[in-house]
Structure formats: C-alpha cells, structure tokens
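First up is the structure itself, then whatever we jot down about it.
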Amino acid sequence: MERLRPMDDMSIYPTMEVVPVKRIMMVFALTALVMGMASAAFALKVGLVTDTGGLNDRSFNQLAYQGLKQAKSQLGTDISVVQSKSQSDYVPNLTRFAQQKYDMVVAVGFLMHDAVEQVSKNFPDTKFLLIDSEITDRPNVTSAMFAEQQAGYLVGALAGMVEADSSVNLPGLRHNDTIGVVGGMSIPPVNRYIAGYYQGAKAEDPAINILLGYTGNFNDPASGKSLAQAQHSKGADIIFQVAGGTGIGVIQAAKDGGYYAIGVDTDQAYVAPDHVLTSAMKRVDVAVFQTIKDLGNGTFTSGVHTFDLQNNGVGMGAVLKSVPAAMQAKVKQIEADIKSGKIQVSDQIPQQ
C-alpha cells in the first residue's frame, strides 16, 4: 500500500488556477443581472381605476396614485391607471384590467362598490382593493376603510376654537359663531368626516351654527365655489370641503373672498397657503402601498382593514401659522384623547 504524503505536500492535489479578481466581479455582476431579470419577470401588475374625480382631484384619487407610484419605485410593481369619466365606466374599466391578468385592481371610492361586487365575482383569480366601502364575503377582495370622523373631529375642534375666541386675529374672521361644510355627495365616507366636524366644533363652541350643503358631485370646482360663497354670505368664515376635486372651488372661494377653508384627504395648505386653516387627512396612499406589499409578500387578506389615528391612517395637516400655539397644543391633546379612548367620536351626524 502506498504511503500517504504529508498534508503539507500540495503535490497530491490537482493544479488550481488562480482566478483573476476581475473575472469574479463579472460573475457576480451577471448573477445580479439574472436575478434582477427574474425579479422583474415576476413583478406584480397592479391597475388603478379612479372615480369620476380623476387623478387631478388633489384628493383621494391623487393619494391612491401616490401609493401606486410608491409601489413602483420601492417594489418594482408594474402599474397602470384608467380614469373614469362617468359611473358607467366603472365596470368596463375594472374588467379590462382583470381580463389582462393584472394581479390586483384598485378601485377608488365608495361609488365603485357595486362594480367591484360584479367584476370580482367574474374574475375570482384577480385580487381587488376597494377604497371606502366594505365587501366582506369575497376572498379576492379587501376593503380599506378609514375613521374619517376622527380627522373631522380634530379640524372641527380647531374651527370651533378659532371661531369662539375673539382674541384670535385672523383677517376676514367675523367671530359670529357660524362655520360651514361643503360635501360632494351624501355618502358614508363624506358623512363620517362631517359627523366628526360637527362634534369637534360643538365641543369647543356649543353655540356654534354649522351650515351644511352638498354639491352632488366630486369633479366640478365651480359648484363647490358657488356653494361656499353662499355659505359665506350667511356668515361662515371657515368652510370645510369634503368634496374631492369639487372642493378645490371651496378653497378658491376662500382665497378670493378673504376667508378660510379646511382641506380634505391630503394636506391642501399648498392650494392657498394663507387661506387654508388646516386639512383633515386620510392616508389612502398608505392603504394602497401596504396592500400591494402584502400581496407581494403573500400576506394579502380579504375583509375589512381600518385605518385610524392609532395607525396613522387619518390625521390633521399643517395648521395656519397665525393660529395661537396654545390652540394647536390643545388639538394635539384632543388627538391623544381620541387615541386613548377618552374621547369617543361617533360616525353619525348629530342633530343641530
């Protein structure tokens, strides 16, 4: 039997080639490229269908689109958008994405409830995210709901404080215990905002009078401006817009007339910096992005998911700088009290 050589005698091993560092780097680069191509090949396809307000509503459609774009930049999602011109477009627009084998279709708005019910039944392999309405009996549908009444309470409380305190020196403010609210349509997500607004305002100024009107649409700024002007003529110097794209007219009326508006869904201070008291915010972008991420992670679940103050799903935007710091601090405390349950906010508009 041949005697084994000592282990330090390298002659027992085959000759080994010294691989240049440059070649190793090329191998790593090619591997990364192949892995990236594979990842792209399996990227989710997500389509978004707006309601009639369109992407330029500066409100919840725009927010949904922001969430979609975030998914594209951070998750590599393949995205597409269709803007609905009328409610009759909802079913064909949703169907088009489902027929094209999109992994998920996002339907923006309460008014799409029936369309999602119909299309999701016809395409059980496609996932649907419905914003602002509940579908609980379909395994391929998840609903994102928001505690709008909590955000409404915060902005209402601020409006009540400002209106009641005559020492608050805001140009154009008459301090006559009257504020307004312009809704787009009398539907649950709009009315939840209004319900909170009423409760917050009356908690701070029990004598306050609240003027309420609906334009009947979400995409006609002229009608929002006209209704806001009518409320101002009746004494309202602070008007909350809950009307999507229509509400831009409410803010424009405040700017033109030298009084104040409260924005909705997004922080709308930028629309008229000196005339937006604050904004009631609803983080539709967070809901869209998180649901797409869940689908990609395999953790998508059907049913209802609620976004509120506790999980930063709703909140309040920037406050006009000339509002006293003490009032701003009080609103922060009110927010904490809602989170803790000390203040309970109903989703029903109270009787005046």
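Derivation of every value follows stated rules applied to the coordinates shown; laboratory data play no part. The shown structure was predicted, so the numbers you read here are calculated from the model rather than taken from an experiment. Ideal geometry is used to build each Cβ from the backbone, glycine not excepted, and the neighbour counts take in all protein chains shown.
Net charge dipole, the chain: roughly 540 debye, given to the nearest 20, about the Cα centre with Cβ charges of +1 for Lys and Arg and -1 for Asp and Glu.
Karplus-derived 3J(HN,Hα) values for the stretch 288-299, using 6.51 cos²θ - 1.76 cosθ + 1.60 with θ = phi - 60°, are 5, 4, 5, 5, 5, 4, 4, 4, x, 7, x, 10 Hz; glycine and proline are entered as x.
Here the sum of -39500 (n - 2.57) over DSSP H runs of 4 or more residues, divided by the residues of the chain, equals -13500 deg cm²/dmol at 222 nm, to the nearest 500. Distance between the 7 Å Cα→Cβ label points at VAL168 and ASN297: 4.0 nm. When only alpha carbons are used to place a centre, the stretch 197-239 and the stretch 250-276 end up 13 Å from one another. Put simply, the amide H of PHE128, placed in the peptide plane, has neighbours under 5 Å in VAL105, VAL141, THR142, leaving out anything fewer than 5 places away on its chain. How big is the antiparallel share of DSSP beta bridges in the stretch 217-337, given as a percent to the nearest 5? Bridges in the stretch 217-337 are about 25 percent antiparallel. Extension gain for LEU55 to ALA230 (0.36 nm times residue separation, less C-alpha to C-alpha distance): 60.2 nm.
Express in nm, to one decimal, how much length is gained between GLN348 and GLN100 on full extension, taking 0.36 nm for each residue of separation and deducting their alpha carbon distance.
Gain on stretching GLN348 to GLN100: 85.2 nm.
For the chain, relative contact order (Cα pairs under 8 Å, six or more residues apart, normalised by length) works out to 18 percent. Each residue of the stretch 68-80 was assigned a 3J(HN,Hα) from its phi angle through the Karplus curve 6.51 cos²θ - 1.76 cosθ + 1.60 (θ = phi - 60°); the sequence is 5, 5, 5, 5, 5, 6, 9, 10, x, 5, 7, 10, 8 Hz, with glycine and proline shown as x. The peptide list 44-54, 320-330, 239-249, put in order of mean Cβ contacts within 10 Å with the highest first, becomes 239-249, 44-54, 320-330. Considering only ARG96, ARG283, ARG58, the Gaussian network model of the chain with Cα springs below 10 Å gives its largest mean-square fluctuation to ARG96. Output the antiparallel fraction of DSSP beta bridges having both residues in the chain, as a percent to the nearest 5. That works out to approximately 5 percent antiparallel. Which residue fluctuates the most in the chain, going by a Gaussian network model with Cα springs under 10 Å, if the choices are GLY213, GLY200, GLY180? Result for the chain, Cα springs under 10 Å: GLY213 fluctuates most. In sequence order, the stretch 228-244 has phi-based couplings of 5, 5, 5, 5, 5, 5, 9, x, 7, 9, 10, 10, 8, 9, 10, 9, x Hz under the Karplus curve 6.51 cos²θ - 1.76 cosθ + 1.60, θ = phi - 60°, and Gly or Pro positions carry x.
Summarising the amide proton neighbourhood of ALA261: residues at separation of 5 or more, or on other chains, whose placed amide H is nearer than 5 Å comprise ILE239, VAL276, LEU277. Potential lengthening of the chain between ALA43 and SER73 amounts to 9.6 nm, from the contour at 0.36 nm per residue minus the alpha-carbon distance.
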